[in-house]
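S.K.: Below are the structure tokens for one structure; questions will follow.
The values are calculated or read from the model by the stated rules, or taken from the named source; none is laboratory data. Predicted model, so just to flag it, every value in this text is computed and none were measured. Ideal geometry is used to build each Cβ from the backbone, glycine not excepted, and the neighbour counts take in all protein chains shown.
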Amino acid sequence: MDRNINLPAHVGIIMDGNGRWAKSRSMPRDFGHKQGAKALEKISKYADEIGILHMSVYAFSTENWNRPKKEVDGLMNLLRNYLKRNIKDAKKDNIRVCVIGDRRGLPQDIQELIIRLEDTTKEKDGMQLNIALNYGGRDEIIRSIKEMAKDIENKKISTSDINEDLFINYLDTANIPDPDLIIRTSGEERLSNFLTWQSAYSEFYFTDCLWPDFDKAEFDKAIEVYQNRDRRFGQV
Ligand code: FPP
């Protein structure tokens, strides 16, 4: 992988396959998620190091609440530990962390930890890591429409002002460029409600690799495939 040619500015990742990774080792699903969180830390550091400007990861979807309570609790605990560790270790790297999704649906203490981590890292000038939590693309669009409707009611904007350029300011990803590349691990080839609006022109890369096994070499492979694609945006 050549870091100097056509690096995607924004990479989205659907981190899938933690459960199957654990099952193949006769271990509980929680163990897979724990290893998945480790893979996330390694890949985000590496992505920052090679010059990726934005990385967005699907860590907890609006649909994930339907999993067994024990698994949801385990994921929330993992998230708590991740947030606390990264607040403590913020000095060690240059990554700015932001959360997208409806954070109001998360436990109160996690909402507070998110604010602390965003605040601690806001001046960092390296990569921006966008963590999607309680996120669903359709939910994001509906929340954005509601906010826009409020602004119409309050006469801040009028219906005739609505266009794509205006609408994107209401999305969780306002100020974040659209993803150039979306990676999904574990052999599934679906978007599963991730960055629904923003992925209109994204390239997709699917790999059988399960997320806990996704390492620097796998990331390089995905970037190389992207670099060899011919992106035309509808032109000839
Ligand atoms: C999909 O694997 C993964 C998830 C639903 C959660 C993703 C979370 C992490 C990678 C770690 C936690 C993140 C943070 C920020 C601490 P799956 O359970 O659907 O796997 P399966 O399809 O093999 O069952």
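S.K.: In the stretch 40-74, what count of residues is obtained for those that are part of a helix (DSSP H, G or I) and of a type in the set (S, T, N, Q)?
M.R.: Final tally of qualifying residues: 4.
S.K.: While we're here: Considering only residues that are closer than 19 Å to Leu133 by Cβ and modelled with pLDDT under 95, which ones fall in the stretch 1-41?
M.R.: Hits for the stretch 1-41: nothing passes.
S.K.: Same structure, new question: Suppose the filter is within 14 Å of the ligand (Cβ to nearest atom), among the basic types (Lys, Arg), surrounded by fewer than 15 Cβ atoms within 10 Å (Cβ to Cβ) and within 17 Å of the chain's Cα centre (by Cα); does Arg103 pass it?
M.R.: It is false that Arg103 is within 14 Å of the ligand (Cβ to nearest atom), among the basic types (Lys, Arg), surrounded by fewer than 15 Cβ atoms within 10 Å (Cβ to Cβ) and within 17 Å of the chain's Cα centre (by Cα).
S.K.: Can you list the helices (runs of 4 or more DSSP H) found entirely within the stretch 108-218 that contain at least 1 residues being within 16 Å of the ligand (Cβ to nearest atom) and crowded, with 17+ Cβ neighbours inside 10 Å?
M.R.: 108-121, 137-153
S.K.: Okay, next question. Sort out which residues of the stretch 83-107 are assigned to a helix (DSSP H, G or I) and either modelled with pLDDT of 95 or more or within 20 Å of Leu53 (Cβ to Cβ) (or both), and write them in order of number.
M.R.: Listed by number, the residues that qualify are Leu83, Lys84, Arg85, Asn86, Ile87, Lys88, Ala90, Lys92, Arg103, Arg104, Gly105.
S.K.: Oh, and also: Select from the stretch 86-99 the residues that are closer than 17 Å to Phe194 by Cβ and surrounded by 21 or more Cβ atoms within 10 Å (Cβ to Cβ) and list them in ascending order.
M.R.: Val99
S.K.: Filter the stretch 17-27 for residues that are assigned to a loop (DSSP other than H, G, I, E, B) and crowded, with 23+ Cβ neighbours inside 10 Å and give the result.
M.R.: Once the filter is applied, which keeps residues that are assigned to a loop (DSSP other than H, G, I, E, B) and crowded, with 23+ Cβ neighbours inside 10 Å, the stretch 17-27 yields only Gly17.
S.K.: Out of curiosity, is Gly19 within 11 Å of the ligand (Cβ to nearest atom), within 14 Å of Trp211 (Cβ to Cβ) and more than 13 Å from the chain's Cα centre (by Cα)?
M.R.: yes
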